[in-house]
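Contents: one structure, followed by commentary.
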Amino acid sequence: MKNLLLLFGIAVFSTMGYAQTINHWESVIYASDTWKYKLGTFDPGASWNQLSFNDTGWNSGSGGFGYGDNDDATIISQTPSIFIRKKFTIVDMSKINLGLLHMDYDDGFVAYINGIEIARGGMTGTPPTYNQLAAADHEAQMYSTGMPPEFIIKKAA
């Protein structure tokens, strides 16, 4: 049982723009992109998931992250959690009404955009502690040709 908690900061989602109906979607971030990350061996502080957080001292690596079980681009040592950040820019937010997050994960995760939680799976606590394990086993799907769970991200009113 791995029970690795992934805490994503800033964003990991695809945007969908539409007028009355969806006319196209665009990916903003890809799993294979380079991410900033820090192993969860200590509490990174409450502001780690904020846009203004300084992550220059964090490591960089390509997604996905894990213990080397043939679906990981960045191999990490065993840890109860990993904090992962990716900055991106959307030029015109008025053209975006909805986002879609496909999250392929072992065993739990919480995703944030600019400090606001947008999705979670297998985790309790708000926010979970840095050394909290996932509530149950959850296996990633894509490496075995499955589809990961998807989460709809609604625009804040």
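The values are calculated or read from the model by the stated rules, or taken from the named source; none is laboratory data. Please read all numbers here as calculations on a predicted model, not as lab measurements. Here Cβ is always computed from backbone atoms with ideal geometry, including for glycine, and neighbour counts include all displayed protein chains. These area figures cover heavy atoms from the full protein model, side chains too; ligands, DNA and RNA do not enter into them. Shrake-Rupley method; radii C 1.70, N 1.55, O 1.52, S 1.80 Å.
With the condition kept exactly as written, say whether any residue in region 96-111 is in contact with a helix residue (DSSP H, G or I) (Cβ under 6 Å, 6 or more places away or on another chain), modelled with pLDDT of 85 or more, assigned to a strand (DSSP E or B) and under 17 Å from Phe151 (Cβ atoms). Explain how you work it out, then say what you get.
To start, the set of residues in region 96-111 that are in contact with a helix residue (DSSP H, G or I) (Cβ under 6 Å, 6 or more places away or on another chain) comprises 104.
Then keep just the ones that are modelled with pLDDT of 85 or more; that gives 104.
Then keep just the ones that are assigned to a strand (DSSP E or B); that gives none.
No, every residue in region 96-111 fails to be in contact with a helix residue (DSSP H, G or I) (Cβ under 6 Å, 6 or more places away or on another chain), modelled with pLDDT of 85 or more, assigned to a strand (DSSP E or B) and under 17 Å from Phe151 (Cβ atoms).
Give me the pairs: first residue in region 109-135 and over 13 Å from Ile82 (Cβ atoms) and of a type in the set (D, E, K, R), second residue at pLDDT 90 or above and surrounded by fewer than 19 Cβ atoms within 10 Å (Cβ to Cβ), beta-carbon distance under 8 Å, and six or more apart or on different chains, which are they?
Glu117/Thr126; Glu117/Pro127
Can you pull out the residues in region 123-150 that are surrounded by fewer than 17 Cβ atoms within 10 Å (Cβ to Cβ), among the aliphatic types (A, V, I, L, M) and assigned to a loop (DSSP other than H, G, I, E, B)?
Ala135, Ala136, Met147, listed by residue number.
Taking region 31-55, which residues are out of contact with any Pro (no Cβ under 9 Å at 6 or more places or on another chain), of a type in the set (Gly, Ala, Ser) and either touching a residue at least 40 places away in the same chain (Cβ under 8 Å) or open to solvent by 80 Å² or more (accessible area, probe 1.4 Å) (or both)?
Ala31, Ser32, Ser47, Ser52
For region 99-122, which positions are farther than 24 Å from Asn70 by Cα, surrounded by 16 or more Cβ atoms within 10 Å (Cβ to Cβ) and of a type in the set (A, V, I, L, M)?
Correct list: Ile113, Ile118, Ala119.
Exactly one of these conditions fails for Trp35: (1) in contact with a helix residue (DSSP H, G or I) (Cβ under 9 Å, 6 or more places away or on another chain); (2) closer than 23 Å to Ile118 by Cβ. Give me its number.
It is condition (1) that Trp35 fails.
Which members of region 56-65 meet the condition of being closer than 19 Å to Asp104 by Cα and either open to solvent by 60 Å² or more (accessible area, probe 1.4 Å) or in contact with a Cys (Cβ under 8 Å, 6 or more places away or on another chain) (or both)?
Taking region 56-65 first, the residues closer than 19 Å to Asp104 by Cα are 61-65.
Across region 56-65, there are no qualifying residues.
Starting from region 56-82, take each residue that is without any contact (Cβ under 8 Å) to a residue 12 or more places away in the chain and list its partners that are crowded, with 18+ Cβ neighbours inside 10 Å, counting only C-beta distances under 8 angstrom and pairs at least six apart or across chains.
So the pair list comes out as Asp72/Gly64; Asp72/Phe65; Asp72/Gly66; Ile75/Gly66.
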